[in-house]
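J.: Dropping a structure here in structure tokens format, bear with me for questions.
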Amino acid sequence: MDVPELLPHPLAGGAFPSPVPPGTGWPDDPADSSTPVAETPGEVASLAAGAADLHTLDARISVCRACPRLVSWREEAAVTKRKSFADQPYWGRPVPGFGDESPEILVVGLAPAANGSNRTSRMFTGDRAGDWLYAALYRAGLAAIPTSTHVGDGQRLHRVRIMSAVRCAPPGNKPTTAERDACAPWMAAELRQVLPTVRVVVALGGYGWDAVLRLLRDAGVRISRPKPRFGHGARTAVETSDGRRIIVLGCFHPSQQNTFTGRLTEKMLDDLFAEARALCAPE
């Protein structure tokens, strides 16, 4: 039996195999060896519904194995690695949400990147899309530092939480419909935990937009019909069951495809997060 290679964490020290087993000392790992593991979509739904708080939910998300294709892909990426990260351990597990536990602004993306969050264990961290997102959050006064490279770098978010519709890195950045649906209870449970304080949701890309509106509807939030169309700067107001208004803003995803071509610029991101902040101002 091959002994897994142990490599040092780039910032926090300690040596880890790839993927990283829970409870082995990885910084900010919410899980340990006793955390229950969802092996099927039914178990995802049960464990998500039974999570009493965000920490418990994050722990259960981080060890999920309900989608065989995604488990295989995320772990293969953790072993084969990108050449430039060959000297680092890869998280290789599902990625929990990151940020304020009582956020006013919720940012929702598609899924972790194979050599980004799948490596670092933090949402939108370790790739170009994350570089753009965190820099914009910092300029808006919502992040402690302008970069997010790895857990242990001192990054903290203020008034903001980031999560994704799918928690494992998918091949080609394209989860199947069945994988999306299997993962949805994790997102729904996280949304229930934070919804009381959320005033604005920033949906990154059409996938994030659709996922947000679908789950808000399932949570009993009133969505206008026909379904609002996605676009950068698209804006729609939704109403919770207790009459509270939440604004959903559309934002082009900060992928290289959009940022390299100029479809999304720094000014566009800055303007959008300035709008999000203004919408959170006391009325």
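The values are calculated or read from the model by the stated rules, or taken from the named source; none is laboratory data. Computed from a predicted model, the values in this text were never measured in an experiment. Counting neighbours? That spans all protein chains shown, and the Cβs are built from the backbone with ideal geometry, glycine included.
J.: Take the stretch 48-70 and flag every residue that is in contact (Cβ under 8 Å) with a residue 24 or more places away in the chain, more than 15 Å from P22 (Cα to Cα) and either surrounded by 13 or more Cβ atoms within 10 Å (Cβ to Cβ) or of a type in the set (G, A, S) (or both).
T.: Correct list: A48, A49, A51, L54, A66, C67, R69, L70.
J.: Given the conditions (1) modelled with pLDDT under 95; (2) more than 28 Å from D127 (Cβ to Cβ); (3) of a type in the set (S, T, N, Q); (4) touching a helix residue (DSSP H, G or I) at 6+ places or on another chain (Cβ under 9 Å), and given that Q256 satisfies all but one, which numbered condition is not satisfied?
T.: Result: Q256 passes all but (2).
J.: Based on what the data block shows, is L249 of a type in the set (A, V, I, L, M), surrounded by 17 or more Cβ atoms within 10 Å (Cβ to Cβ), out of contact with any His (no Cβ under 8 Å at 6 or more places or on another chain) and in a helix (DSSP H, G or I)?
T.: no
J.: Under 7 Å by Cβ, and 6 or more places apart or on different chains, what pairs join a residue from the stretch 205-219 that is hydrophobic (A, V, I, L, M, F, W, C) with one that is outside any helix (DSSP H, G or I) and surrounded by fewer than 16 Cβ atoms within 10 Å (Cβ to Cβ)?
T.: Going by the 7 Å Cβ cut-off, the qualifying pairs are L213/K227.
J.: Which numbered condition in (1) more than 10 Å from I246 (Cβ to Cβ); (2) out of contact with any Asp or Glu (no Cβ under 7 Å at 6 or more places or on another chain); (3) not basic (K, R) is the only one that T197 fails?
T.: If we test T197 against (1) more than 10 Å from I246 (Cβ to Cβ); (2) out of contact with any Asp or Glu (no Cβ under 7 Å at 6 or more places or on another chain); (3) not basic (K, R), just (2) comes out false.
J.: Any residue that is within 22 Å of D87 (Cα to Cα), over 19 Å from the mean Cα position of the chain (by Cα) and either among the small types (G, A, S) or assigned to a helix (DSSP H, G or I) (or both) - is there at least one of those in the stretch 25-38? Don't jump to the end; show me each part of the working.
T.: Our first condition is that a residue be within 22 Å of D87 (Cα to Cα); within the stretch 25-38, this holds for 25-29.
Filter once more, keeping what is over 19 Å from the mean Cα position of the chain (by Cα): 25.
If we keep only those that are either among the small types (G, A, S) or assigned to a helix (DSSP H, G or I) (or both) too, we end up with 25.
Yes.
J.: Considering only the stretch 33-61, state which residues are closer than 17 Å to E101 by Cα and hydroxyl-bearing (S, T, Y).
T.: The one that is closer than 17 Å to E101 by Cα and hydroxyl-bearing (S, T, Y): T56.
J.: Give the residue, chosen from H158, H150, that is touching a residue at least 12 places away in the same chain (Cβ under 8 Å) and within 17 Å of A136 (Cα to Cα). Steps first, answer last, please.
T.: On the way: H150 fails: within 17 Å of A136 (Cα to Cα).
The match here is H158.
J.: Oh, and also: Can you tell me which of P170, P175, P185 is touching a residue at least 40 places away in the same chain (Cβ under 8 Å), crowded, with 20+ Cβ neighbours inside 10 Å and within 19 Å of R82 (Cβ to Cβ)?
T.: On the way: P175 fails: within 19 Å of R82 (Cβ to Cβ); P185 fails: within 19 Å of R82 (Cβ to Cβ).
That would be P170, the only listed residue that is touching a residue at least 40 places away in the same chain (Cβ under 8 Å), crowded, with 20+ Cβ neighbours inside 10 Å and within 19 Å of R82 (Cβ to Cβ).
J.: What number goes with the only condition from (1) without any contact (Cβ under 8 Å) to a residue 40 or more places away in the chain; (2) of a type in the set (D, E, K, R); (3) farther than 16 Å from V166 by Cβ that R119 does not pass?
T.: Looking at each condition in turn, R119 falls short on (1).
J.: Just one of the numbered conditions (1) more than 20 Å from the chain's Cα centre (by Cα); (2) of a type in the set (G, A, S); (3) at pLDDT 95 or above; (4) on the phi > 0 side of the Ramachandran plot is not true of G205; which one?
T.: Among (1) more than 20 Å from the chain's Cα centre (by Cα); (2) of a type in the set (G, A, S); (3) at pLDDT 95 or above; (4) on the phi > 0 side of the Ramachandran plot, the lone unmet condition for G205 is (1).
J.: Here's something else I'd like to know. Out of the stretch 220-258, which residues are at positive phi and touching a residue at least 24 places away in the same chain (Cβ under 8 Å)?
T.: G233 - this is the single residue of the stretch 220-258 that is at positive phi and touching a residue at least 24 places away in the same chain (Cβ under 8 Å).
J.: Take the stretch 101-116 and flag every residue that is touching a residue at least 60 places away in the same chain (Cβ under 8 Å), over 18 Å from C251 (Cα atoms) and buried (at least 23 other Cβ atoms within 10 Å of the Cβ). Steps first, answer last, please.
T.: Here is the first cut: in the stretch 101-116, the residues touching a residue at least 60 places away in the same chain (Cβ under 8 Å) are 101-111, 113.
Subsequent filtering for residues that are over 18 Å from C251 (Cα atoms) retains 101-103, 113.
Matches in the stretch 101-116: P103, A113.
J.: Can we say P30 is in contact with a His (Cβ under 8 Å, 6 or more places away or on another chain), buried (at least 18 other Cβ atoms within 10 Å of the Cβ) and modelled with pLDDT under 95?
T.: Values: in contact with a His (Cβ under 8 Å, 6 or more places away or on another chain): yes; buried (at least 18 other Cβ atoms within 10 Å of the Cβ): yes; modelled with pLDDT under 95: no.
In short, no.
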